[in-house]
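Engineer: Got a structure here, written out as structure tokens. Questions coming.
Taken together, the values in this text are just the output of simple stated rules run on the coordinates, not laboratory data. Remember, predicted model here, so these are calculated numbers, not experimental data. Virtual Cβ from ideal backbone geometry, glycine too; neighbours counted across all protein chains shown.
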Amino acid sequence: MNNADILIGANLSKRFDDLEVVKDVSLIIKEGEFVSLVGKSGCGKTTLLSLLSGLEQPTKGQVILNGKEITGASEEELALFRREHVGFIFQSFNLIPTLSAWENVALPLFPIKMTNEQRQDRALELLNQMEMGHRTEHLPAALSGGEKQRVAIARALINNPKIVFADEPTGNLDSATGDAIMAILSELHKKQGMTMLMVTHALELAKTADRVIRMQDGEVIT
Ligand SMILES: Nc1ncnc2c1ncn2[C@@H]1O[C@H](COP(=O)(O)OP(=O)(O)OP(=O)(O)O)[C@@H](O)[C@H]1O
Ligand SMILES: [Mg+2]
């Protein structure tokens, strides 16, 4: 394996009952790349992302993430591995409604041995970076969509992930707010060299990326 290959998917297939949703997909993402995954609704983008990030196991094929083969790992191993190496950003934000903004951001740090003050400091640092320093004590319900997504991005970054997976991160936002979120992600890539695989419907947004992977009916076509 080349050191710069942060993510390798080899001959991945995923079948739900009699429906093959991902069909023999192979791809490589290099460290520092910003790749977008596009294709029509239902073509298998979210499913492929779940396979590549270790959220789901493929029916066939292999995934090697950060030099480790994650195919066949136990649920427990996978959860630990994801927590250490992977960040996630979702269309629906997936914040915990009963926790404040900073507590949501700090959540991935709770299993790690550190003081609450250290966790809070780190969460506040990231919220400041997301220009959310004035909204740290608010519950998600009191935040706008764009603010929620900034909190979710801060949470995704708190473990210094090797790669961030984003599934339509601007899908629930109006276009101006979506553009602002895309600008944040693009800057994280440019300034910090963050590796990212982003699913999007919109070819317009995909243009921000270094490379576009197209899917059709479960297959990668470019
Ligand atoms: N757990 C599941 N059980 C059965 N079928 C599923 C499951 N998850 C996804 N599918 C099916 O797999 C296909 C691909 O779904 P997927 O969510 O990956 O598409 P997508 O490209 O992300 O679509 P969208 O752009 O609408 O989010 C769909 O036909 C969907 O119904
Ligand atoms: Mg999807």
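Engineer: Past the 25 angstrom mark, what percentage of all C-alpha to C-alpha distances in region 4-132 do you count? Can you show the working numbers first?
Structural biologist: Details: 3134 of 8256 pairs.
More than 25 Å apart: 38 percent of the Cα pairs in region 4-132.
Engineer: Which value, to two decimals, describes the C-alpha radius of gyration of the chain once divided by 2.2 N^0.38 Å?
Structural biologist: On the way: Rg = 17.2 Å, N = 222, 2.2 N^0.38 = 17.1 Å.
Compared with the compact-globule rule of thumb, the chain sits at 1.00.
Engineer: Just to confirm the number: angle between the C-alpha axis of helix 116-129 and the first principal axis of the chain, 0 to 90 degrees, nearest 10?
Structural biologist: So the helix axis and the longest Cα principal axis differ by about 80 degrees.
Engineer: Net charge near H85: determine it from the other residues with C-beta under 9 Å of the C-beta of H85, scoring Lys and Arg +1 and Asp and Glu -1.
Structural biologist: So the environment of H85 carries a net charge of +3.
Engineer: Continuing with this model, one more query. Tell me, what ³J(HN,Hα) does each residue in region 78-83 have, in order and in whole Hz, if you take phi through Karplus 6.51 cos²θ - 1.76 cosθ + 1.60 with θ = phi - 60° and put x for Gly and Pro?
Structural biologist: 5, 4, 5, 5, 4, 4
Engineer: Further question: What is the Rg over Rh value, at two decimals, for region 74-138, using alpha-carbon atoms and the Kirkwood definition of Rh? Intermediate results must be reported in sequence, preceding the final value.
Structural biologist: On the way: Rg = 12.8 Å, Rh = 12.9 Å.
We get a ratio of 0.99 for region 74-138.
Engineer: Taking 0.36 nm per residue of sequence separation and subtracting the Cα-Cα distance, how much length would be gained by fully extending the chain between D17 and E125, in nm to one decimal? Each step should come with its number before you reach the end.
Structural biologist: Details: separation 108, 0.36 × 108 = 38.88 nm, distance 4.56 nm.
My answer for the length gained is 34.3 nm.
Engineer: On to the next question. Can you count the Lys pairs in the chain with C-alpha separation below 21 Å, eight or more apart or on different chains?
Structural biologist: Taking the chain as the scope, the lysine pair count is 25.
Engineer: Counting only residues 5 or more places away or on other chains, whose amide H sits under 5 Å from the amide H of K162 once H atoms are built in the peptide plane?
Structural biologist: V86
Engineer: Can you give the calculated 222 nm mean residue ellipticity of the chain, where each DSSP H run of n ≥ 4 adds -39,500 (n - 2.57) and the sum is split over every residue, rounded to the nearest 500 deg cm²/dmol?
Structural biologist: Counting only the DSSP helices, I get -10000 deg cm²/dmol.
Engineer: Name all residues of region 38-54 having a backbone nitrogen under 11 Å from the label point set 7 Å from the Cα of R214 along its Cα→Cβ direction, giving them as ranges.
Structural biologist: Taking a point 7 Å out along Cα→Cβ of R214, the residues of region 38-54 whose backbone N falls under 11 Å are 38-40.
Engineer: Charges only on Cβ, +1 for Lys and Arg, -1 for Asp and Glu: so what's the dipole of region 64-129 about the Cα centre, in debye to the nearest 20?
Structural biologist: Charge dipole, region 64-129, about its Cα centre: 80 debye, nearest 20.
Engineer: Taking Cα pairs under 8 Å and at least six residues apart, what relative contact order does region 1-135 come out at, in percent?
Structural biologist: Across region 1-135, relative contact order equals 19 percent.
Engineer: First measure r as the distance between the Cβ atoms of T59 and K30, then evaluate 1/(1 + (r/R0)^6) with R0 = 25 Å and state the FRET efficiency to the nearest 0.05.
Structural biologist: On the way: r = 26 Å, r/R0 = 1.05.
Here the calculated transfer efficiency is 0.40.
Engineer: Quick one: net charge of M215's neighbours, Cβ under 15 Å, K/R +1, D/E -1?
Structural biologist: On the way: positive: K14, K23, K40, K45, R211, R214; negative: E20, D24, D167, E168, D217, E219.
That sum, taken over residues with Cβ under 15 Å, equals 0.
Engineer: Sorted from largest down, what three extents in whole angstroms do the Cα atoms of region 92-222 have along their principal axes?
Structural biologist: 48, 30, 28
Engineer: Shifting gears a bit: Which of the peptides 156-162, 39-45, 140-146 is most tightly packed, and how do the rest follow, judged by the mean count of other Cβ atoms within 10 Å per residue?
Structural biologist: With the highest mean Cβ count within 10 Å placed first, the list reads 156-162, 39-45, 140-146.
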